[in-house]
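Taken together, the values in this text are just the output of simple stated rules run on the coordinates, not laboratory data. Note that the structure is a prediction, hence the values are computed from the model and not measured. Note that we place each Cβ from the backbone using ideal geometry, even for glycine, and neighbour counts take in every protein chain shown.
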Amino acid sequence: MSTLDMLTAILHRDYGVARDALSPDATLVTLGLDSLSVLELMFKIEDGFGVKINDDPPNDLRTVSDVVNYIDALLARKPAGSADRAIAIASIP
């Protein structure tokens, strides 16, 4: 499952965002996520992707694509040999 697929699954499941609204260019504000929701999303990203976010999330996360790129950068910094994505999101309807 790609980073985009996993992120859209989280946004659909946990935030009730309609799947047809979830495109890489969709803005987080348009999807109904405010700054508190984005902070909460960071915790879900840590759990769902098995990464650790040590710093505050960047202020330039405006679109779904921005978040995907951020997650991919976190995954690239992940120590070698650590388990891939911690939680399977395959059970999301």
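The figures follow:
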item: Count - residues of segment 1-58 that are in a loop (DSSP other than H, G, I, E, B) and buried (at least 16 other Cβ atoms within 10 Å of the Cβ); result: 8
item: Within segment 39-72, considering residues that are aromatic (F, W, Y) and without any contact (Cβ under 8 Å) to a residue 40 or more places away in the chain, the one nearest to H12 (Cα to Cα); result: F43
